[in-house]
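A short reminder: the numbers here are calculations on the coordinates, not readings from a lab. What you see is a predicted model, and the numbers here were worked out from it, not measured in a lab. For neighbour counting, all protein chains shown are included, and Cβ atoms are generated from backbone atoms with ideal geometry for every residue, glycine included.
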Amino acid sequence: MAATEAYRITERRRMTMTGAEATAEAMRQIHPDVVAAYPITPQTDIVMRFARFVADGVVQTEFVPVESEHSALSAVVGASAAGARAMTATSGPGLALMHEILYVAAGYRLPIVMPVANRALSGPINIHGDHSDSMGSRDAGWIHIYAENAQEAYDNLIQAVRIAEHPEVRVPVLVGQDGFIITHGMEIVEVLTDDEVRAFVGEYQPERYLLDVDHPMTVGALALQNSYFELKRQLAEAVKRSARIIADVGEEFGRLTGRYYGLTEPYRMEDAELVIVVIGSTAGTAKDVIDELRGRGVKAGLVKVRVFRPFPARNLRDLLRQARAVAVLDRADSYSGLGGPLFAETKAALYGLPQAPVVTGYVYGLGGRDITPEMIASVYDDLGQLAERARTDYAAVAAEAALSVRYLGVRER
Amino acid sequence: MSPSRGAAFTEREASVTLPWTEMAEAGLIPQGGTAFRVKTGSWRTGSKPVLELSRCIHCLRCWIWCPDSSILLDGEKVTGIDYDHCKGCGICAQVCPPKVHAIQMVPEGGEA
């Protein structure tokens with residue numbers, strides 16, 4: 001009993017925590033009915049802490065220790081269909097092993113919430129942070145939300161429950177945080193009270209669930225040529241529609257905490273001419289670089305993409321309209337010859353915009369390779385030169401930039 | 001319009017001719033016993049079980065073993081075979097006690 005009491009938070013607290021710890025804390029406060037998980041670095045620290053909450057009787061969650069990530073998500077699919085608020089968590093190769101079931105969860109419209117400690121995919125084997133894992137899952141029909149730091153990992157997870165379970169959405173949500181950089185980095189995190197979190201996420205009340213024996217139903221019936229396409233069309237609409245719900249939930253969370261969230265976060269974009277578009281913890285480093293450049297009169301700005309699915313194309317179009325040159329930084333490569341998915345989709349979002357900025361791409365930080373302020377400053381230098389050259393020969397410079405990718409921070413001879 | 005899920009499932013929603021906006025969300029079938037309406041017996045090829053009721057001792061081995069639910073009963077008495085759902089696997093004929101031999105597999109289209 002004493003142990004149980006010790007974990008309770010009755011007043012908001014600013015605590016020193018890692019992202020993994022903050023995520024486990026959010027899970028404790030959300031108090032899901034079922035968690036099924038398999039340990040994998042760097043997610044282990046999340047589930048290990050949550051398993052301790054279960055063992056100590058701090059939560060009444062049914063914890064299912066399974067033999068693989070394929071089984072973890074399968075168990076969670078079953079639990080969610082049965083009517084439970086169900087969660088799992090994973091990383092890199094674990095997410096890859098879940099791949100088949102990701103589509104099942106989305107296809108059955110189950111509001112599962114899953115923290116992902118983003119990790120590089122093998123081979124060669126690497127346990128550190130990049131976005132190759134969740135970018136590989138980007139077309140599975142899940143909502144993808146990424147954190148910049150431990151506070152956002154905590155805040156995003158709480159919001160994800162509301163987003164996933166919203167009657168107009170009912171789509172699973174993946175909540176990413178950069179492996180090690182966020183999961184194992186110590187930061188100050190403001191933790192809400194248990195009552196505040198429980199009130200915010202509310203009681204899960206599914207309209208239909210398998211254990212409602214008075215209203216039997218079938219989940220997962222065969223859907224062939226005459227119905228599969230319509231059901232995928234429904235999913236496409238639900239993910240698209242979630243953009244508004246994500247913004248509404250972010251606004252409501254802001255009223256509660258003072259921390260407002262949208263699909264994108266513009267930083268010093270009012271008059272920005274040279275802009276970086278990036279996902280995750282690198283946004284934090286870029287903000288510092290921008291402050292310094294601004295001190296020297298460089299009109300630098302940043303658009304952090306917080307939500308990658310649904311893709312915030314309209315936000316990017318509005319925010320980047322007035323920029324002169326844009327660099328899109330991907331912590332994953334598509335091996336398309338054209339860099340990563342954020343670059344490709346940002347260009348697509350800007351297509352047809354009159355006087356569109358020159359856009360170019362970078363791949364950085366694979367396998368947890370550090371990205372330093374100097375590297376980010378070098379990108380703004382590149383953008384300055386591109387913008388200058390585009391003054392006299394816009395068409396040629398824009399075409400060359402759009403078709404070129406640089407590998408930032410890789411050793412060159 | 002949002003596809004319905006909580007509302008009562010109608011024959012209309014079950015239809016696969018509806019536009020996507022009107023189909024039940026995620027293809028859920030929020031009603032019991034609907035598999036009965038699908039005549040999966042049409043998958044049967046080759047042969048079908050034929051029951052000679054006068055030989056049957058009502059041991060119910062065929063009823064237990066049937067992978068579908070195609071052995072028809074009245075209380076604890078076998079009354080016949082549900083050809084709308086029988087796939088013709090032949091397990092019932094195999095498990096019928098040899099001395100009883102009440103079920104024979106006969107070519108599809110043969111004597112019923």
For this session: With a 10 Å radius around each residue's Cβ, average the other Cβ atoms per peptide and rank A:122-130, B:94-102, A:360-368, highest first.
Result: A:360-368, A:122-130, B:94-102
For this session: Evaluate E = 1/(1 + (r/R0)^6) for A:ARG413 and A:GLU270, where r is the Cβ-Cβ distance and R0 equals 30 Å; express this FRET efficiency to the nearest 0.05.
Result: 0.15
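Report, as an integer, the average count of C-beta atoms from other chains found within 10 Å of each Cβ along A:218-224.
Averaged over the peptide's residues, the number is 5.
Where in segment A:1-35 are there GluC sites (Glu not before Pro) that are in a DSSP coil and have at most 12 other Cβ atoms within 10 angstrom of their Cβ?
The qualifying sites are A:GLU11.
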Problem set entry | Theoretical ellipticity at 222 nm over chain A - DSSP helices of four or more residues, -39500 (n - 2.57) apiece, nearest 500 | -13500 deg cm²/dmol
Problem set entry | Disulfide-incompatible cysteines by the Cβ rule (no partner under 4.7 Å) in the protein assembly as shown | B:CYS56, B:CYS59, B:CYS66, B:CYS86, B:CYS89, B:CYS96
Problem set entry | Restricting segment A:316-346 to trypsin sites (Lys or Arg not before Pro) in coil, as DSSP defines it, with at most 15 other Cβ within 10 Å | A:ARG321
For this session: Give the relative contact order (percent, whole number) for segment A:295-346; include only Cα pairs under 8 Å separated by 6+ residues.
Result: 26 percent
Exercise. Which value in nm describes the separation of the simple spin-label points at A:HIS99 and A:ARG244, placed 7 Å from the Cα toward the beta carbon?
Worked result: 3.5 nm
Seminar exercise, completed: What the Cα atoms of the protein assembly as shown span along the principal axes, largest first and in whole Å, is 101, 64, 47
Exercise. In which sequence would A:VAL169, A:VAL175 go, from the one with the fewest C-beta neighbours within 10 Å to the one with the most?
Worked result: A:VAL169, A:VAL175
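Counting other beta carbons within 10 Å of each residue's own, what order do A:SER404, A:SER281 fall into, fewest first?
The fewest-first ordering by Cβ neighbours comes to A:SER404, A:SER281.
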Exercise. Tell me, B:TRP43, B:TRP65, A:TRP142 in order of fewest to most beta-carbon neighbours within 10 Å?
Worked result: B:TRP43, B:TRP65, A:TRP142
Exercise. Looking at chain A, do any whole DSSP H helices span at least 30 angstrom along their long axis by alpha carbon and average -0.5 or above on Kyte-Doolittle, and which?
Worked result: A:228-257, A:373-402
Exercise. How many nm is it between the label spots at A:GLN225 and A:ILE188, if each spot is 7 Å from the Cα in line with the beta carbon?
Worked result: 6.4 nm
Exercise. With r defined as the distance between the Cβ atoms of A:ASP139 and A:SER68 and R0 fixed at 35 Å, what FRET efficiency is calculated, to the nearest 0.05?
Worked result: 0.95
Exercise. Stretched out fully, how many nm does the piece from A:ARG233 to A:ASP214 gain, at 0.36 nm a residue minus the Cα gap?
Worked result: 3.8 nm
